[in-house]
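Have a look at the structure below before the remarks.
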Amino acid sequence: MALEEVNIPAIRTYLQAHPEEQLRILQHNPRFIFFTWGATHSPRGSSGEILTPGRSIAMDASSLPGGTIGYLTSRRPVLDTDGAITG
């Protein structure tokens, strides 16, 4: 993919078409792997806490120390059935 073609839907499509490359690609940069699967198959963050869907966020440890409590205000994007942002 050319850089200007890279977006989340394109990456998902590529990984679905090339499942044999998924693990290698997703584990390429350990700074982007911020969770592990727990014994109950619930993902856990670097602090060991269970992540909350739609609420937990990833932080780069070089920006804020672990355990930092933050408050983030944002709006979730509206997606169409193909995963493209429409609003």
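Measuring spread by the Cα atoms of the range 38-87 yields a radius of gyration and Dmax of 14.3, 38 Å. When Rg and Dmax are taken over the Cα atoms of the chain, they come to 15.5, 39 Å.
Amide H contacts under 5 Å for residue 44: 36, 37, 38, 51, restricted to partners 5 or more places along the chain or on a different chain, H placed in the peptide plane at 1.01 Å from N.
For residue 79, the amide hydrogen comes within under 5 Å of the amide hydrogens of 86, counting only partners 5 or more places away or on other chains and with H modelled in the peptide plane.
Computed from label points 7 Å out along Cα-Cβ, the spacing between residue 2 and residue 55 is 4.3 nm.
Considering only 46, 56, 74, the Gaussian network model of the chain with Cα springs below 10 Å gives its largest mean-square fluctuation to 74. Considering only 59, 3, 81, and ranking their Cα positions along the charge dipole of the chain that arises from unit charges at the beta-carbon of Lys, Arg, Asp and Glu, the one farthest toward the positive end is 59. Computed packing ranks the peptides 63-70, 12-19 as 12-19, 63-70, most packed first, by mean other Cβ atoms within 10 Å. Taking the Cα centre of the chain as reference, the dipole from Cβ charges on Lys and Arg (+1) and Asp and Glu (-1) amounts to some 380 debye. In the chain, helical runs assigned H by DSSP with n ≥ 4 each contribute -39500 (n - 2.57); averaged across all residues and rounded to the nearest 500, the mean residue ellipticity at 222 nm is -6000 deg cm²/dmol. With θ taken as phi - 60° and the Karplus curve 6.51 cos²θ - 1.76 cosθ + 1.60 applied, the whole-hertz 3J(HN,Hα) list for the range 15-22 is 5, 5, 7, 10, x, 5, 9, 4 Hz, x standing for glycine and proline.
Values in this text are rule-based calculations from the coordinates and carry no lab data. Here the structure is a predicted model, which is why all the values come from computation and not from measurement. Methodologically, a virtual Cβ is constructed for each residue, glycine included, from the backbone with ideal geometry; neighbour enumeration extends over all protein chains shown.
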